[in-house]
Amino acid sequence: MSYRVEFQEQAEIDLGKLPATWQKRIISKITWLAENFEEIRHIQLSANLAGFYKLRVGDYRVIYEFDRTIRVVTIERIGHRRDVYE
């Protein structure tokens with residue numbers, strides 16, 4: 001059973017700024033995350049992003065958090081790896 005995905009407003013803005021080919025790749029990877037959530041190892045972030053996790057899509061990163069009790073993944077930010085952690 002897959003997880004539901006919700007986008008924060010900033011994540012939608014971030015995604016909208018990317019070229020269409022990257023948007024498709026990132027959406028595809030987020031869909032994969034939701035469908036395979038229990039089988040994958042989640043990479044936790046630290047410091048100012050403690051409590052969040054990252055998903056790698058080429059040079060881009062998807063920052064997310066999740067709630068296992070209600071089976072929801074919330075996408076917080078999407079951006080190039082050099083900028084997204086700031």
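The values are calculated or read from the model by the stated rules, or taken from the named source; none is laboratory data. It should be emphasised that the depicted structure is a prediction, and the values quoted were computed from it without experimental measurement. Neighbour counts run over all protein chains shown; Cβ positions are idealised from the backbone, glycine included.
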Does Tyr85 fit the bill of being at pLDDT below 95 and not aliphatic (A, V, I, L, M)? yes
Checking Gly16 against (1) of a type outside the set (Asp, Glu); (2) under 18 Å from His80 (Cβ atoms); (3) surrounded by 11 or more Cβ atoms within 10 Å (Cβ to Cβ), only one condition comes out false. Which one? (3)
Among the residues of region 49-67, is there at least one that is of a type in the set (A, V, I, L, M), within 14 Å of Glu6 (Cα to Cα) and either part of a strand (DSSP E or B) or out of contact with any Leu (no Cβ under 8 Å at 6 or more places or on another chain) (or both)? yes
Of the residues Ile30, Ile75, only one is surrounded by 16 or more Cβ atoms within 10 Å (Cβ to Cβ), assigned to a helix (DSSP H, G or I) and in contact (Cβ under 8 Å) with a residue 12 or more places away in the chain; which? Ile30
Region 1-26, residues that are more than 21 Å from Phe52 (Cα to Cα) and either in a loop (DSSP other than H, G, I, E, B) or modelled with pLDDT under 95 (or both): Met1, Lys17, Leu18, Pro19
